Amino acid sequence: MDISVVVPVYGCRAALEELYSRLTKTLNLLVKEYEIILVNDNCPQNSWEIIEKICAEDSHVVGIELARNFGQIQAITAGLDYSSGDWVVVMDCDLQDRPEEIANLYNKAIEGGYDAVFARRKNRKDSPLKVFVSKLFYKIYSWASGGNYDPAVCNFSISKRIVIDNYCKMRELHRAFVIYVKWLGFKITTLDVEHDPRKEGKSSYNMKKRIKMAIEILTSQSDKLLRLTINVGFFMVLCSIVAIIAIIIQYFVVHVNPGWSSIIATICLVGGMIISSIGVVGVYIGNIFMQVKERPLYVVRTVLNKTEE
């Protein structure tokens, strides 16, 4: 198998047949042997019906139906686990990632001797709010992880088998694709690609989900938030000492009684900091609690055109 293309499917039912057609045309011109793995993440539009139809017509297409909605990254992981290509492409199903760009990613990897090439969206066709939140998250994550992450780089990529095999060895519950692959340390580069508007509907990643995902990734990949609470705690102690000295001087030198309001304000401030610190620690403990259960990242209900492994 030369190339495997892994596509998590959630929404965009209307885009699947065009996606399949464009992928088939691109891959037939590029390599001899390929497979297209469509992972249905319990799509509410019943995209599995379209996947079944495509699989019945073309043995190059592998259909994987998850038992319920596990999330995009888990669906990608399922597709990667079942992939067998020497090179593996990851892309979305909404046609914002152009299938024709696979040839450019592949040629870039071959010519430059790269282990993985990620697409960098030159002109994102997303809302200004989504772009802003993405930039903000990656700035915070770059600080937390000590790395440097470009918010214009997306999951759309091509990677060697060795990269995918090592990615699949990491079974953390809270996971990311770009961040994990970069952590592996292989020879990686980016390539500017065109970014098209979404075929239909809107992304299922609303602001609440994005914030939740950001917190999960930050607290599962870095301990800097814990270290930050320690620094804030020491800073509060220093401020309290300075305030106490100032109050003593004010009382004995200026003969002014600061009153109970200053005491209440100090108690509220320190109490708030303590509660916040406990909350941060609680998030980390919660991550440990979820991880030690060692539950599977996904559950497969049906596999078409491939022997389940």
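Full extension of the chain segment joining M1 with L228 gains 76.9 nm, where the gain is 0.36 nm per residue of separation less the Cα-Cα distance.
What full-extension length gain, to one decimal in nm, is calculated for R301 and V242 as 0.36 nm per residue of separation minus the Cα-Cα distance? Present the calculation step by step, with values, prior to reporting the outcome.
Numbers: separation 59, 0.36 × 59 = 21.24 nm, distance 6.30 nm.
Extra length available between R301 and V242 comes to 14.9 nm.
At a Förster radius of 22 Å, what calculated FRET efficiency corresponds to the Cβ-Cβ distance of A103 and A14, to the nearest 0.05? Mind dumping the intermediate values first?
Numbers: r = 25 Å, r/R0 = 1.13.
With R0 = 22 Å, the Cβ-Cβ based efficiency is 0.35.
Computed with a 1.4 Å probe on the full set of protein chains, the accessible area for E111 sits at about 150 Å². Rolling a 1.4 Å probe across all protein chains gives L191 an accessible area of roughly 40 Å².
I'm a student and want to see the number: the projected area of the Cα convex hull of the range 12-83, averaged over all directions, in nm². Show your work: numbers first, answer last.
Details: hull surface 19.2 nm².
Projected over every direction and averaged, the Cα hull of the range 12-83 covers 4.8 nm².
Structure note, pairs K122/K160; K122/K224; K53/K169: Cα-Cα distances above 28 angstrom occur for K122/K224; K53/K169.
Fully extending the segment from Q250 to R198, taken as 0.36 nm per residue of separation minus the present Cα-Cα distance, adds 12.3 nm.
Accessible surface of W87, taken over heavy atoms with a 1.4 Å probe and every protein chain present, rounds to 20 Å².
Dipole size of the range 20-105 about its Cα centre, with +1 on Lys/Arg Cβ and -1 on Asp/Glu Cβ: approximately 80 debye, rounded to the nearest 20.
Ordering T26, N123, I110 by the projection of their Cα atoms onto the charge dipole of the range 1-142, which places +1 on the Cβ of Lys and Arg and -1 on the Cβ of Asp and Glu, puts N123 at the extreme positive end.
The values are calculated or read from the model by the stated rules, or taken from the named source; none is laboratory data. This is a predicted model, so every value here is computed, not measured. A quick note on method: Cβ atoms are made from the backbone with ideal geometry, for glycine too, and the neighbour counts reach across all protein chains shown. Quick note on the areas: whole protein, heavy atoms, side chains included, nothing else; ligands and nucleic acids left out. Shrake-Rupley method; radii C 1.70, N 1.55, O 1.52, S 1.80 Å.
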